[in-house]
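One structure below.
The values are calculated or read from the model by the stated rules, or taken from the named source; none is laboratory data. The structure presented is a predicted model; accordingly, all values stated were derived computationally and were not measured. Neighbour counts run over all protein chains shown; Cβ positions are idealised from the backbone, glycine included.
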Amino acid sequence: MANVKNHSLFTEFDINLFKAGKLFRAYNFLGSHIVEVDGEWGVQFAVWAPSARSVSVKGNFNGWNATSHPLSARWDGSGIWEGFIPGLGKGDLYKYHVQSADGRQLEKGDPYALFWEIPPNTASIVWEMNYEWQDGDWMQKRRNRQGLHEPYSVYEVHLGTWRKKNGGKESLSYRELGDELVNYVQEMGYTHIEFLPVMEHPYFPSWGYQVTGYFAPTSRFGTPEDFMYMIDRFHQAEIGVLLDWVPSHFPADAHGLADFDGTHLYDHADPRKGFHPDWKSCIFNYGRNEVRSFLISNALFWLERYHTDGLRVDAVASMLYLDYSREDGEWIPNQYGGNENLEAIDFLREFNETVYREYPDTITIAEESTAWSGVSRPTYTGGLGFGMKWMMGWMHDTLNYFKHDPIHRQYHHNEITFSLVYSFTENFMLPLSHDEVVHGKGSLMDRMPGDEWQRFANMRLLFGYMFTHPGTQLMFMGGEFGQTSEWNIEKGLEWWLTDYDVHKGLQTWIKALNNFYRSQPALYEKQFEQEGFEWIDLGDHANSVISYIRKGNDADRILVVVCNFTPVVREIYKLGVPFKGEYQEVLNSDMAVYGGADHHKNAKIEAIQETWHGRPYHIPITLPALATVVFERIIPNTSKSSKKTSTARKAKK
């Protein structure tokens, strides 16, 4: 029998935490680790497989022999098999050979592996991450840049299709993305980037949402260190990095978590709780302590080892409801007879509490599509504890509204105003995500009615409305320059479109919106508070116009926003304003540089003392067709008088 030494990285206390579901850095103990034992360097293996009859390690080092390197089961009932194999090191390939209680021979990848072979190969790779981070300034100041009162403009990206090389046949590597993508995001003015799941997945067209290697960035684009380099470059450019995280389900691939030790170890045995009918995948058993340790450890792992700045949790609604996408008889009620998944709710609360306790300068974001109350409220108030929630209702209502021919929009006015009824019940992020440009939905441009000019004017209007609406923003790649076809997982974006003025103009508009949003505290300091928003007129359905005020901590420095959803120019359109003085136009989507008509730019306007919209003053403006226009109140320069006052006070003292 080969040389496998009995050795452990666990203490008894660690084991007790694991059993209790509280070992939140289980990756320090489970998986493969390069260590020195009794003067010999090698690899320590540890895997959780409580129902297995035997577990051994097979790999390129032993000719993939299933019996030569057996692991030993711990004596403490933890279900962990472990052992030290001397002579192994970084780069060695391996799998666990698991004999189930019923005699089946299973080949499994390591659930805690740091690196995997490039799919369709399925072996895990012994790895040790050696990288010297250069993002100390970002990490030190991150809390000030990531608060809920700071700007969040997020660019959502699928790494494999953002840009292709070699005639569209090959994706960019992590290091190439660390240069090209970082430079682009910085130039466009986004504050954050969000990646569709980067964790290892066997099937490329799953977009990364069917994960097998939860602790490994996909090897398709490079090594873990290469992925670190890319994140480091984003941070050096002062751009935050968010990752999509998928604790809702996992695929049933033979080398993955499913049937791991011959039993439903990570999922429920009853398909009414353990199988997802939509995605044909397995649902995690959130009531099993060791599974909770696995998932929460995984969340902390990406925040700790890869310096990521937040996690967007996928498919939260499917976790919360036992009857999600199920008919009567296809689900099991909870102990109180309800449809709430009490174990998943408890898990999500513990996940958020742990993340914010360990990394208070990060963010968690829920993709949750129902009216569940308190998703982004603290757990001590009964909430789920997320930092933000995707505003799916806004997305659906807004895109439905924009589909209407402008002549009919007056009859659907509530679709564009309804979001403000509930905007401040959660910390909402407004998404125009990848889900809206797949599965036959076409591109965002396909939603826009009219001729070419009107379609692009509608797109500029949509984004102008989005960036001035309360909340934060997220847009999927390609939307910023008006991609005209549906996103295709096998193709890169249609960058050649930016050679055309209309597409380049839209891209320039997004850049202007990002820079404007970041420079205007009125748009982000109170983005989740009712005090930061005030309707001027939400009822002008006859003209399909809405107008509102945005405010930050300085209540005197207001922005006045007007959106005209028809191709009709509104001359001398009166807007009620709260303050006298001058107002100047600071943003106009109809300018020629953005592809607009450029005929209706407003000069400085003196507020007229006449009650309008219930306010003591109003400004008469010219409202361009299909446009968003923003005005800023000009605050008189009082620096001289302030200096005199300060000097007088000092003299008095």
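Some observations on this one:
- Residue that is surrounded by the fewest Cβ atoms within 10 Å (Cβ to Cβ), among those in the stretch 481-505 that are assigned to a loop (DSSP other than H, G, I, E, B) and of a type in the set (Ser, Thr, Tyr): Tyr500
- Test: residue in the stretch 572-583 that is part of a strand (DSSP E or B) and within 23 Å of His404 (Cα to Cα): no
- Among (1) touching a residue at least 12 places away in the same chain (Cβ under 8 Å); (2) surrounded by fewer than 17 Cβ atoms within 10 Å (Cβ to Cβ); (3) out of contact with any Lys or Arg (no Cβ under 9 Å at 6 or more places or on another chain), the one test that Leu420 misses: (2)
- Top-ranked residue in the stretch 130-178 [being small (Gly, Ala, Ser) and under 20 Å from Glu194 (Cα atoms); ranked as modelled with the lowest pLDDT]: Gly147
- Scan the stretch 513-563 for residues that are surrounded by fewer than 21 Cβ atoms within 10 Å (Cβ to Cβ) and part of a helix (DSSP H, G or I) and the total you get is 7.
- Just one residue in the set Arg349, Arg326 is under 23 Å from Leu148 (Cβ atoms), touching a residue at least 24 places away in the same chain (Cβ under 8 Å), of a type in the set (Lys, Arg) and surrounded by 14 or more Cβ atoms within 10 Å (Cβ to Cβ); that residue is Arg349.
- Of all residues in the stretch 199-225 being of a type in the set (Gly, Ala, Ser) and in a loop (DSSP other than H, G, I, E, B), the one that is modelled with the highest pLDDT: Gly222
- For the stretch 245-276, a residue qualifies if it is out of contact with any Phe, Trp or Tyr (no Cβ under 9 Å at 6 or more places or on another chain), on the phi < 0 side of the Ramachandran plot and part of a loop (DSSP other than H, G, I, E, B), and the qualifying residues are Ala254, His255, Thr263, His264, Ala269, Asp270.
- Residue check, Asp102 assigned to a loop (DSSP other than H, G, I, E, B) and of a type in the set (D, E, K, R): yes
- Test: residue in the stretch 600-614 that is in contact (Cβ under 8 Å) with a residue 40 or more places away in the chain, farther than 30 Å from Phe481 by Cβ and either assigned to a strand (DSSP E or B) or over 31 Å from the mean Cα position of the chain (by Cα) (or both): yes
- Residues that are out of contact with any Ser or Thr (no Cβ under 9 Å at 6 or more places or on another chain) and touching a residue at least 24 places away in the same chain (Cβ under 8 Å) within the stretch 488-505 comprise Trp495, Asp501, Val502, Gly505, listed in sequence order.
- Scope the stretch 584-599; condition acidic (Asp, Glu) and in a loop (DSSP other than H, G, I, E, B); matching residues: Asp590, Asp598
- Residue check for Ser78: assigned to a loop (DSSP other than H, G, I, E, B), in contact (Cβ under 8 Å) with a residue 40 or more places away in the chain and either closer than 23 Å to Ser293 by Cα or not assigned by TED's automatic domain parsing to the domain that holds Trp116 (or both): yes
- Single residue of the stretch 528-567 satisfying the filter (out of contact with any strand residue (DSSP E or B) (no Cβ under 9 Å at 6 or more places or on another chain) and of a type in the set (A, V, I, L, M, F, W, C)) that is nearest to Met448 (Cα to Cα): Ala542
- Filter pass, Ala123 being without any contact (Cβ under 8 Å) to a residue 40 or more places away in the chain, of a type outside the set (S, T, N, Q) and within 22 Å of Tyr266 (Cβ to Cβ): no
- Residues of the stretch 84-125 satisfying the condition of being more than 17 Å from Tyr214 (Cβ to Cβ) and either aliphatic (A, V, I, L, M) or in the same structural domain as Ala252 (by TED's automatic domain parsing) (or both): Ile85, Leu88, Leu93, Val98, Ala101, Leu106, Ile118
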